[in-house]
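Bear in mind that the values in this text are calculations on the coordinates, not laboratory data. What you are looking at is a predicted structure, and each value in this text was computed from that prediction instead of being measured. Note that we place each Cβ from the backbone using ideal geometry, even for glycine, and neighbour counts take in every protein chain shown.
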Ligand code: NAD
Ligand code: TYD
């Protein structure tokens, strides 16, 4: 029987991964390690609570990580502090979880010869300009802008170094922006949806011209499964749907789908160091591993996501209040 350790499995992408793994690969024995920070929620795992083992704990705790890795065949490492705005406000937890936590996992997988898949982001490559159609590839130079992306870049470098120096069995994936059910209301799409549903005008940073490539969480996790099954050890894979939209376009689409006027949002001061555009070339994943995104129509994926947030108000109502209070207490620095 495969024994899989999923770190960060109570968060957005990790919980969707655990739920789909239980459905599709019932022979696996899954242990989730999650610190249940503000971003983790045990309710995200309630549909599969009886099918998994849940351990509340910190990837920065080396003894706990050692014990859990020792009893596993594979580790899928989602746990991270994941929000750029928070990292600008207070980078310390990002260093601890994203860098020290990944280091602890690497040392443990090295000790016990356990397979590791490290989940990362295309933000490690920095920003593309708006006036080209250049896209990130597996060979793009690392150039992170935010404390978040710098700590994710650090963790990627650690994984690569442990692969080359110690020969650990690891792969890395760098995915574009995700959306879908269970995403924390601090992030753009759920923040806007829940704002409209509670009578708050969405806030768009700067002029709203920044572009993101939106990939449905199920497509991200399908790619991770393919890499676990057939990925080449030591390799990196970029994951992205190709669906690029400016923040203004995303905002207007959400407003339209929720039957609001297209200009019912506010432009607010920009995020410092705000990356202009992210876009990936996922040719390698598509040709080598046969990945094709199922959500190739962003608007219909967005409509499904809106339905999920409409139907799951009790899931986000409390987090909405605390998140908006946190945003109000930490506006972007005045020099931005
Ligand atoms: P999330 O913030 O929703 O979830 C993170 C989870 O990690 C939470 O359950 C949290 O409790 C847990 N966690 C945080 N610190 C921990 C610690 N010290 N020990 C154990 N658990 C801890 O994040 P997400 O959006 O699901 O992202 C998951 C991974 O995917 C991250 O590594 C992120 O960098 C990467 N990623 C995210 C996106 C995106 O658009 N959300 C895109 C590409 C890559
Ligand atoms: P976010 O969801 O925080 O993801 P990331 O910064 O990792 O790409 O933000 C996505 C884009 O939306 C980014 O360009 C910042 C912008 N944004 C807004 O304009 N308003 C908001 O309220 C938020 C949360 C983000």
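With r defined as the distance between the Cβ atoms of residue 92 and residue 200 and R0 fixed at 35 Å, what FRET efficiency is calculated, to the nearest 0.05? Let's see the in-between values first.
Working: r = 30 Å, r/R0 = 0.84.
The value I calculate is 0.75.
Starting from 0 in steps of 10 Å, tell me what percent of the Cα-Cα pairs of the range 178-232 lands in each bin.
20, 38, 26, 13, 4
Tell me, what is a quarter of the convex hull surface for the C-alpha atoms of the range 214-282, in nm² with one decimal?
6.6 nm²
Determine Rg/Rh for the range 113-173; Rg is computed over alpha-carbon atoms and Rh is the Kirkwood hydrodynamic estimate from the same atoms. Could you put the intermediate results ahead of the total?
Numbers: Rg = 13.1 Å, Rh = 12.6 Å.
We get a ratio of 1.04 for the range 113-173.
What number results when the radius of gyration of the range 24-145, computed over Cα atoms, is divided by 2.2 N^0.38 Å?
Its radius of gyration relative to the 2.2 N^0.38 Å reference: 1.23.
So what does the Cα-only Debye profile of the range 186-336 read at q = 0.14, 0.15, 0.17 Å⁻¹, as log10 I(q)/I(0), no solvent term?
-0.80, -0.89, -1.06
Would you mind calculating the relative contact order of the chain from Cα pairs under 8 angstrom and at least 6 residues apart, reporting the percent as a whole number?
Averaging sequence separation for qualifying contacts and normalising by length gives 17 percent for the chain.
In percent, how large is the relative contact order of the range 184-287, given Cα pairs closer than 8 Å and 6 or more residues apart? Don't jump to the answer; show the numbers that get you there.
Details: 126 pairs, mean separation 42.5, N = 104.
It comes to 41 percent, rounded to a whole number.
Over all directions, how big on average is the projection of the convex hull of the alpha-carbon atoms in the chain, in square nanometres?
Values: hull surface 63.7 nm².
Result: 15.9 nm².
If you line up the long axis of helix 188-197 against the longest principal axis of the chain, both from Cα atoms, how many degrees apart are they, to the nearest 10?
Result, in degrees: 50.
Percent of Cα-Cα pairs more than 19 Å apart in the range 70-227, please.
60 percent
Any idea what % of Cα-Cα pairs in the range 137-258 are farther than 22 Å? Intermediate values should be presented prior to the final figure.
Working: 3427 of 7381 pairs.
Looking at the range 137-258, the distances longer than 22 Å represent 46 percent of pairs.
Mind checking the angle between helix 147-166 and the chain's longest principal axis? C-alpha axes, 0 to 90 degrees, to the nearest 10.
20 degrees
Just to confirm the number: angle between the C-alpha axis of helix 247-257 and the first principal axis of the chain, 0 to 90 degrees, nearest 10?
Its long axis makes an angle of about 70 degrees.
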